[in-house]
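Notes for the one structure printed next.
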Amino acid sequence: MELSKNYIPASAEDKWYQYWTEQQYFRSVPDSRPPFTIVIPPPNVTGVLHMGHTLNETVQDILVRHARMSGFNACWVPGSDHASIATESKVVNMLKDEKGIEKSQLTRAEFLKYAYEWKDKYGGIIYHQIKKLGCSVDWERVNFTMDDHYYKAVIRVFVDLYEKGLIYRGARMINWDPKAKTALSDEEVEYKELTGKLYHVKYAVVNANGDATGEFITIATQRPETIMGDTAICVNPEDERYAHLKGHFAVVPLVNRKVPVIYDTYVDKEFGTGALKVTPAHDINDYNLGLKHNLPIVDTLNDDGTLSAAAEVFVGEDRFRARKKVIAALAEQGLLVKEEEYATRLGYSQRNPDTVVEPRISTQWFVKMADMAQPALDAVVNGNVKIHPGDRFLATYKYWMENVKDWCISRQLWWGQQIPAWYDESGQFVVAETHEAALQAYAKQFGREVTTLKQDEDCLDTWFSSWLWPVEVFHGISQPGNADINYYYPTSVLVTGQDIIFFWVARMIMAGLEYKQEKPFSDVYFTGMVRDKLGRKMSKQLGNSPDLLELIDRFGADAVRFGIMISSPAGNDLLFDEASCEQGRNFNNKMWNALKLVKMWTPAENTAAPAPTFAVEWFEHRLNEVHAEVEKLFTDFRLSEALKAIYSLIWDDFCSWYLEWIKPGFEQPIDAGVYEKTIGFFERLVQLLHPFMPFVTEELYHLLRDRKAGDDLVIRQFTAPAATNSGILAEGALAKEVISSIRDVRNKNQIKPKDTIALHIETREGQSFQRIESIIAKQVNANEIGYTKDAITGAITLVVQKDKFYIVTDMQVDPAAQKAQLEKDLAYQKGFLLSVEKKLANERFMQNAKPEVVETERQKKADCEAKILAIEESLKTL
């Protein structure tokens, strides 16, 4: 068939993905092979894949495809997360904008009907993108965290943990999202460093009888809108400035409430004015002070962030508009002393990034974390679960687990698993999986029967469902002991972002150990954050996050995968530039042109001429060398380095060197044995590359030769790389260096490519060019290669490694130019030698470096010294 000028991704991608799925190559069922299992971190059902997802899914697909080709029963489970807050927010906005309906006008059942319609409409977008990217997931195993079996599993776990005393209900200070009107866990608050205002406000002092003393206490606050909730002024008992105020009171501005002056060492007398307003309803530290000193709680905020009736003034005003009005009122009454800028950290809702989180006392459901955290900490510390890269994230993981707080799991939402707590009219409750079970539990617990109980209105935190993901995607909780959970669990690798190490990774380990008495995965591979080429985090607000499908349309899926993987070492942030996708597209075309070149050749039926076997022998050893290196890099989860090694092998060693070395003359046949070997090399190369770039490699594989049914690259099994011969590899490296150096000299001396040269070699003892002579001659257009022990007069002198090369040409040679070039080379080598000697003289390097690294540096020193000697000798004889 006639091949197109360049590789056309669109013609290959849909064709091969459909073919792979029709052949059920991605389908996995338990069998006698060892399993390799990955569960996809479930993206939000309402979203689209951003570049972080693209990196994550690409890494997973690389691991899964490599395992599938390495004899494992690879199972990659896809799915999505119902994302309570994000999805409910979208549905609420849709109902308001498109139908003019408020959530408050609907019953829970009516709202959930709309939510499922939304999910059905938008939930398939991500799956479409996953297919376009080439991800080899088992589409018969799609899970959704609101699937019936999954829903029941979450409820079962809640009931079990409650019965074990690990879940409780109580009033605590929590984080509140006024926009979503729901509680948040500590981990769902993102802090931003910014410059705020500090307002200094005067509080009049009165004595125990309420009589004015004429004194004022000045406090500094960032949140004057909470002043109306103050229930005390606190000072340090060792602060002499305020010692005389014992038994006195302060008057809260605007509402004229008399509150006590209290004393506690918590207050830093050196900070600000040394006096602190205590607002227990609106600050966690104030809340703790209030508990200690039995202070009342005045909650001045409604759930939507407006001022409540308890505020007495500016009731119904948004908190930030109220702030401005409070400041104005304080100034008008002469109580505002001053304003000053102040560096601070402000917490924002992760799900509503524009919403400032409010601390709020609220009755919620909590999971006790300390007891569950310890086994999960031990599993990572003892290496049962390995983190990659461990040097960066192990300490972070340990710190969080050793300082873990109870987890607030209730959310004031309808989209999610409804909390299985059942209440009577007086507020007494029982916890049970179903209403029928609750009635029975109620009768047993309270000694009387009722006909109906009301279920808790709240739903569970999304993470409370996703922490069961590795277990319940195989129905391990809803159907304990089934064949799938017994075969696929524990899973092999978790690939995820570092930002959810606490949200998800730690909690999955806890849940796995609690419900399977086994870790959920053996390895955790943390990807870095994808940033733009200026180092900025990609976001919709900045408009710097490209559209994945648009990138695939422009460059092809393989090029996009290449572009994001070539610069993404594990755990480190990567700077994504579309230029790397162009590099991937160029790589596709390089391989495509190599295919066209090879397909142009005609194998000889028989030939008397000996085949250029060194080129074949060298490349076979080079291919085995890189294959072994790639397998080691996979073991170490250094996938970016593996791709770079394969890229260099194909682009440089195969296309730029090997194919040139074996290329027959114009309209001449190629040795049949060499041709067959070359096709075999090409097959192994695309096999090595396939996990990274699946579409182009499958296309090339099928174009290299006719295939029998079922002979597809996606399932072709790797064979272990053979041992390599370091001598042959060194000869090949020498040939490349000599050819490159002579070409460079020809270019600098303006010797045309068609002009032949004579080449004389003054070689060091023991060095032989016999096996690579013909390759060198062919590549540098030398009609003669000879050996000499003396300098050749009138020749261009060149030093490669420890050997001297004399190039004889019909052109007039300029001795001064030669001397200048040799002196330039000498200066470079001396500089390089100095840098190596400094490294070897560095005690820290010598103590910490691996022995093989030190030996490499010593060899560099010896080689450099020999080359310097050879150049100096050449300069003497010039």
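Each Lys and Arg contributes +1 and each Asp and Glu -1, all at the Cβ; summed about the Cα centre of the range 752-877, the dipole is approximately 360 debye.
Just the Kirkwood number for the range 548-724, please: inverse of mean 1/r across all distinct Cα pairs, in Å, one decimal.
Final number for the Kirkwood radius of the range 548-724 is 17.3 Å.
Once backbone amide H atoms are built at 1.01 Å from N, Phe576 has Arg531, Asp532, Lys533 as its partners under 5 Å, excluding neighbours fewer than 5 places away on the same chain.
The residues Ser84, Ser835, when put in order of fewest to most other Cβ atoms within 10 Å, stand as Ser835, Ser84.
The DSSP beta bridges internal to the chain are antiparallel in roughly 70% of cases.
Using per-residue counts of other Cβ atoms within 10 Å, averaged over each peptide, order 521-530, 340-349 from highest down. Provide the component values of the computation, followed by the final result.
On the way: 521-530: 20.5, 340-349: 13.7.
Highest to lowest by the protection proxy: 521-530, 340-349.
Rounded, prolate or oblate: which fits the range 11-170, taking a ≥ b ≥ c as square roots of the Cα gyration tensor eigenvalues, rounded meaning a/c under 1.5, else prolate when a/b beats b/c? It comes out oblate by the Cα gyration axes. Ordering Val381, Pro260, Thr856 by Cα displacement along the dipole of the chain toward the positive end leaves Thr856 in first place; charges were set at the Cβ atoms of Lys, Arg (+1) and Asp, Glu (-1). If you plug the beta carbon distance of Arg531 and Asn209 into 1/(1 + (r/R0)^6) with R0 = 45 Å, you get a FRET efficiency near 0.10. Across the alpha-carbon atoms of the range 369-497, the computed radius of gyration and Dmax are 19.4, 59 angstrom.
Note on Lys121 and Thr756: their simple-model spin labels are 7.8 nm apart, each label 7 Å out from Cα toward Cβ.
Helix-only arithmetic for the chain: the sum of -39500 (n - 2.57) across DSSP H runs with n ≥ 4, divided by the residue total, places the mean residue ellipticity at 222 nm at -13000 deg cm²/dmol. Distance cut-off 30 Å, Cα to Cα: go down the list Lys663/Lys789; Lys181/Lys325; Lys789/Lys861 and report the pairs above it. Too far apart for the 30 Å limit: Lys663/Lys789.
Using alpha carbons only, the radius of gyration of the range 258-393 set against its Kirkwood radius gives Rg/Rh = 1.08.
State the percent of C-alpha pairs, over all pairs in the range 752-877, separated by a distance greater than 18 angstrom.
Value for the range 752-877: 61 percent of Cα pairs lie more than 18 Å apart.
The Cβ shell under 11 Å around Glu641 holds other residues with a net charge of +1, Lys and Arg each +1, Asp and Glu each -1. Computed over the alpha-carbon atoms, the range 160-286 gives an Rg to Rh ratio of 1.07, Rh here being the Kirkwood radius from the mean inverse distance. Once you reduce the range 197-237 and the range 283-317 to the center of their Cα atoms, the two points are 16 Å from each other.
Placing +1 on the Cβ of every Lys and Arg and -1 on the Cβ of every Asp and Glu, with no other charges, gives the chain a dipole of roughly 800 debye about its Cα centre.
For the chain, hydrophobic long helices are taken as DSSP H runs at least 27 Å long by C-alpha position along their axis with mean Kyte-Doolittle hydropathy of -1.0 or more; these are 578-600, 613-635, 726-748, 815-841, 851-877. Between the C-alpha center of the range 88-122 and that of the range 714-759 there is a gap of 66 Å.
Equivalent-ellipsoid semi-axes for the range 309-364 (Cα gyration tensor, √(5λ), whole Å, largest first): 25, 18, 11. Summing charges over all other residues whose Cβ lies under 14 Å from the Cβ of Glu660, with Lys and Arg as +1 and Asp and Glu as -1, gives +3. When Glu873, Glu117 are arranged by Cβ crowding within 10 Å, least crowded first, meaning fewest neighbours, the order is Glu117, Glu873. Cross-link reach is defined here as a Cα-Cα straight distance under 17 Å, omitting same-chain residues fewer than 8 places apart; for Lys537 the aspartates and glutamates meeting it are Glu190, Glu193, Asp354, Asp499, Asp547, Asp573, Asp577, Glu578. The distance linking the range 464-531 with the range 632-676 is 40 Å (Cα centroid to Cα centroid, whole angstrom). Neighbour counts of C-beta atoms inside 10 Å place Asp286, Asp299 in the sequence Asp299, Asp286, starting with the fewest. Near Arg585: Cβ cut-off under 9 Å, other residues only, Lys/Arg at +1 and Asp/Glu at -1. The net charge is -1. In the set (i) 50, 33, 27; (ii) 68, 37, 23; (iii) 59, 41, 27, which value of semi-axes √(5λ) of the Cα gyration tensor in Å was calculated from the structure you see? Step by step, semi-axes √(5λ) of the Cα gyration tensor in Å for this structure corresponds to label (ii).
Proximity of backbone amide H atoms, modeled 1.01 Å from N, is registered between Thr46 and no other residue at under 5 Å, excluding neighbours fewer than 5 places apart on the same chain.
None of the figures in this text is laboratory data; all of them are computed from the coordinates on show. If you're wondering where the values come from, they're calculated on a predicted model, not measured in any experiment. For neighbour counting, all protein chains shown are included, and Cβ atoms are generated from backbone atoms with ideal geometry for every residue, glycine included.
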